[in-house]
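I have placed the structure first, in the form of structure tokens, so that the comments after it can refer back to it.
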Amino acid sequence: MSAASEPGGSEGSTRAVVVDDSRFMRTLIRSLLEEGGVEVVGEAADGSDALDAVVEHDPDVVTMDIEMPSMNGLEAVEAIMADHPTPVLMLSAHAEEDADVTFKALERGAVDFVTKPGGEVTSSMPRVKRELVEKVESAARVDLSADVRATGRSSSGRGGAGSAGGGAATAGSTSGEASSDPTAAGGASGLGRSDSRSSTGAASASGSASSYPDVGTLVVGASTGGPAVVERVLGGLPTDANLRVLVVQHMPEGFTTRFADRLDGRSSYTVTEATSGERIGPGEARVAPGGHHLLTTSDRSGRLELELTESEPIHGVRPAIDVTMAAAAETVDGPLCAVLLTGMGRDGVDGLQRVAGSGGHTVAQDEETSAIFGMPRRAIEADCVDDVAPAGEIAENALQYFAEE
């Protein structure tokens, strides 16, 4: 499966196996998916039956409940990735304990998650169906081998696919933007703006602490397949680089706080969920909360002032990468770098263009390590990318830019 694939790029409907211990919930999910054009080829009531169903039907994607008897969703993900690697979409409630388990499932091989539909039929059901179908279509097109290349984790199984941590996209994210452009098929690692510094990322040390400017700003945007790569990027940033970091990861409300906590524990930066009116300085990172756009409104004395809005979604998502990058391009004084990671659709493309137009540095994740190459590919085609780099070199690439400023 190509990392560049997107809905509309392959023939036939997506084939899914639905796993949930509730017969009612299985019926509801089946109904929502089939109404959205997804073919449900099998069902299972627990994790052990899920593995049997996956082996029997060889689906494109599995929807997985978390709490089940015999073998729970977390154990089932591990078993599927070890024996018959298949993209798994977790169905998660908004409860804090479910958020923790969901991130563990992403670490063990699930590629994405979506908020579990409620049992009641309400006026919001069309939205719930759209979100579920879009997430299933998106997850089905994830390149599991790219996840392995991006995170360095692997497991045995079909085609060498691995249990790399996947990405979480916003409930309600748009994944239906197809493209028939053949240029992505050959890889994009050699493409970029004519003034590209290097298509392979930084190849040498990032510079000493004294070589960095007093303050720099890094904006990171990601969607499906993103969380593990975002963790890797932030984990590669030393505090002596004097960066202020803004992260926009397509993720539902209720999960971004936990995501920020995870990033805080995996990097040397102080990472929290962003709040409106706060100001951040070097050595600090903020994550855009689910359900809110994140803007920068001023840059004074080396500190960025942040604002959250609940204005209309852009590209069907909120937070939108474009909003944050465009605001940074207008507001930030000093060196600015914008990074666009794996994901479906085109969010972040316009933002990268704005950053490039303001004289900032732009980086896109390469095709080989992108679970879904949609957003980076569109940015490359728009000729607004300075460098194209694999997941493991993105932090180094950004650091070299700041060291040279």
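Yes or no, residue by residue, for (1) surrounded by 23 or more Cβ atoms within 10 Å (Cβ to Cβ); (2) more than 22 Å from the chain's Cα centre (by Cα); (3) outside the structural domain of LEU243 (by TED's automatic domain parsing):
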site	(1), (2), (3)
GLU273	no, no, no
SER298	no, yes, no
THR309	no, no, no
ASP322	yes, no, no
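Does the stretch 350-377 hold any residues that are assigned to a helix (DSSP H, G or I) and either more than 15 Å from the chain's Cα centre (by Cα) or outside the structural domain of ALA395 (by TED's automatic domain parsing) (or both), and which are they? Answer for the stretch 350-377, where residues must be assigned to a helix (DSSP H, G or I) and either more than 15 Å from the chain's Cα centre (by Cα) or outside the structural domain of ALA395 (by TED's automatic domain parsing) (or both): ASP350, GLY351, LEU352, GLN353, ARG354, VAL355, ALA356, GLY357.
Checked against (1) on the phi < 0 side of the Ramachandran plot; (2) out of contact with any strand residue (DSSP E or B) (no Cβ under 7 Å at 6 or more places or on another chain), GLY302 passes all but a single condition, namely (1). Annotation: PRO319 fulfils all but one of (1) closer than 16 Å to ALA395 by Cα; (2) modelled with pLDDT of 95 or more; the unmet one is (1). With respect to (1) out of contact with any Gly (no Cβ under 6 Å at 6 or more places or on another chain); (2) not in a loop (DSSP other than H, G, I, E, B), the lone exception for MET325 is condition (1). If you go through the stretch 204-225 and keep only what is over 17 Å from ALA274 (Cβ atoms), crowded, with 24+ Cβ neighbours inside 10 Å and modelled with pLDDT of 95 or more, you end up with GLY216, SER223.
Among the residues of the stretch 36-77, count how many are in a helix (DSSP H, G or I), surrounded by fewer than 17 Cβ atoms within 10 Å (Cβ to Cβ) and at pLDDT below 95. Going through the stretch 36-77 one residue at a time, the tally reaches 1.
A Cβ distance below 6 Å, combined with a sequence gap of six or more or placement on separate chains, defines the contacts here; from the stretch 237-264, residues that are without any contact (Cβ under 8 Å) to a residue 40 or more places away in the chain reach residues that are β-branched (Val, Ile, Thr) in the pairs THR256/VAL287; ALA260/VAL271; ALA260/THR272; ALA260/VAL287; LEU263/VAL271; ASP264/VAL271.
Cβ-Cβ distances below 7 Å connect the following pairs, each with a first residue in the stretch 386-398 that is more than 15 Å from TYR212 (Cβ to Cβ) and in the same structural domain as LEU234 (by TED's automatic domain parsing), a second residue that is at pLDDT below 95 and crowded, with 24+ Cβ neighbours inside 10 Å, and a separation of six or more residues or different chains: VAL388/ALA188; ALA391/ALA150. Among the residues of the stretch 336-366, those identified as farther than 14 Å from ALA382 by Cβ and touching a Ser or Thr at 6+ places or on another chain (Cβ under 7 Å) are LEU336, THR342, GLY343, MET344, GLN365, ASP366.
The values are calculated or read from the model by the stated rules, or taken from the named source; none is laboratory data. Worth saying up front: this structure is predicted, and the values here are computed from it rather than measured. Cβ coordinates were reconstructed from backbone atoms using ideal geometry, including for glycine residues, and neighbour counts include every protein chain displayed.
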